[in-house]
Amino acid sequence: MQRLIPRLRADGVELELIMLIRTVLAASKEIAFRVSQGALSGVLGSTLDENIQGETQKKLDVLSNQLIKDMLLSSPDVRAIASEEEDDVVKGQEGAPYIVAFDPLDGSSNIDINGQIGTIFTIYPARDDVPADSPLQFAQPGKNQVCAGYVLYGPSALLVMTTGGPTRQYTLDRTHGGYLLTKPELSIPEQTSEFSINMANFHRWQQPIKDYISELQMGKDGARGRQFNMRWNGAMVGDVHRILSRGGIFLYPANQDQPTKPGKLRLLYEANPMAMLVEQAGGLASNGEQRILDIQPSDLHQRVPVITGSQEEVEYVLDKLK
Ligand code: AHG
Ligand code: MN
Ligand code: MN
């Protein structure tokens, strides 16, 4: 086992970026502690407020957002931040090298059932051609990310992160408070027999997605000729973590009855960081038409369909969508 910082230096990462990642991780450790305390730390339950997406905010959404926001805005390396829980871009330090976007608490509906939840983050170089507080700071395709990661607050608190090299996994050592490298290189098997999708939306999908899922449900008697299994956490961070750990395919397609809402997941702070982590582990991530990391964003809180995971399975779905 190695410590986080030597490993990052070995990956040739800039010192400012290392310091910035440490800031994000400091906030995550505080969240991990509060989560582990549950009802004892008063973090369960809802607020009376809604975020810009019209979703009721949980206490932990608000607390996590505030912790990460406060720490990032005190960093000399952050020019701007964007968050699921912030309507607009928040300005940091003029001239700082990086911008950070985050989903402070992914899987909010799992908070009160002691289920899997996490924090997703992504770091881009700041743009010098637009003001620090412009939403255009974040109008960069995901392929510009210099770091993507999440912290999964499960039985262990795990950090999964890439800075453009391998996707690595670290475990929070609560005895001394550091993230220790426990899997130096995650690798997604090319083939899988496990899928992850919210089946309750079946009737709302476009026909090729319905056909694909029906094939999987038919098992040995269907076109695929083998049995598939289904797993659904209700938190992207948990579902993608399973795929990074043992393969699989995760889909969150658009619902046809909501033409103005192309899928549920947000491009900036959900789809893009997960796509980078998956690709760096040998998998694929698409919106059904193009690589997620190539999408030119049009809005800060833009939603996209997501099809990601084991290479051969994602390619099979993309063939059906042609
Ligand atoms: P968040 O808690 O940050 O709003 O994100 C929840 C997302 C994602 O984690 C998950 O895959 C999806 O919502 C599940 O939503 P449904 O239960 O509505 O399918
Ligand atoms: Mn989320
Ligand atoms: Mn969230």
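The values are calculated or read from the model by the stated rules, or taken from the named source; none is laboratory data. Given the structure is predicted, the values throughout are model-derived calculations rather than measurements. Backbone-built Cβ (ideal geometry, glycine too); neighbour counts: all protein chains shown. Side chains included, ligands, DNA and RNA excluded: accessible areas come from the protein's heavy atoms. Shrake-Rupley method; radii C 1.70, N 1.55, O 1.52, S 1.80 Å.
For the stretch 200-216, just list the computed ³J(HN,Hα) in residue order, Karplus coefficients 6.51, -1.76 and 1.60, θ = phi - 60°, integers in Hz, with x standing in for Gly and Pro.
4, 9, 3, 5, 9, 7, 6, 4, x, 6, 4, 4, 4, 5, 4, 4, 5
Along its three principal axes, how long is the stretch 85-222 when you only count alpha carbons? Whole Å, largest extent first please.
So the three principal-axis extents are 61, 42, 34 Å.
So how compact is the stretch 194-321: Cα radius of gyration and Dmax in angstrom?
13.8, 44
In this model, which of Lys69/Lys143; Lys58/Lys91; Lys29/Lys58; Lys29/Lys59; Lys210/Lys322; Lys29/Lys264 are farther than 22 Å apart at the alpha-carbon? Spell out each step's value before the answer.
Numbers: Lys69/Lys143 24 Å; Lys58/Lys91 24 Å; Lys29/Lys58 19 Å; Lys29/Lys59 17 Å; Lys210/Lys322 14 Å; Lys29/Lys264 28 Å.
The pairs that break the limit, which is 22 Å between Cα atoms, are Lys69/Lys143; Lys58/Lys91; Lys29/Lys264.
Lys143 versus Ser156, label points 7 Å from Cα toward the beta carbon: distance in nm?
It works out to 3.4 nm between the two label points.
Which of Glu190, Glu50, Glu85 moves most in a GNM of the chain, Cα contacts under 10 Å?
Ranking Glu190, Glu50, Glu85 by mean-square fluctuation puts Glu50 first.
What angle do you read, to the nearest 10 degrees and between 0 and 90, between the alpha-carbon axis of helix 59-73 and the longest principal axis of the chain?
So the inclination is approximately 50 degrees.
Specify the inter-centroid distance of the stretch 216-247 and the stretch 129-176, based on alpha-carbon positions, in whole Å.
One Cα centre to the other: 25 Å.
Under 13 Å from the 7 Å Cα→Cβ point of Glu190, by amide nitrogen: which residues of the stretch 280-315?
Only 282-284, 310-315 pass the distance filter.
I need the fraction of alpha carbon pairs in the stretch 4-183 separated by more than 22 Å, rounded to a whole percent.
44
Can you give the relative contact order of the stretch 4-183 as a percent, counting alpha carbon pairs under 8 Å and 6+ residues apart?
Details: 323 pairs, mean separation 27.7, N = 180.
Here the relative contact order equals 15 percent.
When the dipole is taken about the Cα centre of the stretch 194-321, and only Lys, Arg (+1) and Asp, Glu (-1) are charged at their Cβ, what size is it in debye, to the nearest 20?
Working: 14 positive and 15 negative charges, 74 e Å.
In debye, rounded to 20, the stretch 194-321 gives about 360.
In whole Hz and in residue order, list the ³J(HN,Hα) couplings for the stretch 304-310 that follow from phi through the Karplus curve 6.51 cos²θ - 1.76 cosθ + 1.60, θ = phi - 60°; x for Gly and Pro.
3J(HN,Hα) across the stretch 304-310, in whole Hz: 9, x, 10, 10, 8, x, 4.
Semi-axes of the stretch 56-136's equivalent ellipsoid from the Cα gyration tensor, sqrt of 5 times each eigenvalue, largest first, rounded to whole Å?
Values for the stretch 56-136, descending: 26, 11, 10 Å.
Dividing the alpha-carbon radius of gyration of the chain by 2.2 N^0.38 Å (N being the number of residues), what value is obtained?
Values: Rg = 19.0 Å, N = 322, 2.2 N^0.38 = 19.7 Å.
Against the compact-globule rule of thumb, the ratio is 0.96.
With axes computed from alpha carbons, what is the tilt in degrees of helix 236-246 against the longest principal axis of the chain, rounded to the nearest 10 within 0 to 90?
70
Which order do you get for Lys320, Lys58, Lys264 if you rank them by accessible area with a 1.4 Å probe, largest at the top? Walk me through the numbers before you get to the answer.
Working: Lys320 65, Lys58 40, Lys264 85 Å².
These residues rank, largest area first, as Lys264, Lys320, Lys58.
Once both axes come from the Cα atoms, what is the angle between helix 311-321 and the longest principal axis of the chain, in degrees from 0 to 90, rounded to 10?
Tilt of helix 311-321: around 60 degrees.
Heavy-atom accessible area per residue, the stretch 194-321, 1.4 Å probe: how many Å²? Each step should come with its number before you reach the end.
On the way: 5110 Å² over 128 residues.
That works out to 40 Å² per residue.
Of all accessible surface on the chain at a 1.4 Å probe, what whole percent is carbon and sulfur? Walk me through the intermediate numbers first.
Working: 6460 of 13550 Å².
Of the solvent-accessible surface of the chain, carbon and sulfur hold 48 percent.
How high is the relative contact order of the stretch 194-321, in percent, with contacts defined as C-alpha pairs under 8 Å that are six or more residues apart?
27
When the chain is fully extended, how far beyond the present Cα-Cα distance does Glu94 get from Asn229, taking 0.36 nm per residue of separation? Kindly include the intermediate steps, with their values, before the conclusion.
Details: separation 135, 0.36 × 135 = 48.60 nm, distance 5.01 nm.
Result for the pair: 43.6 nm of gain on full extension.
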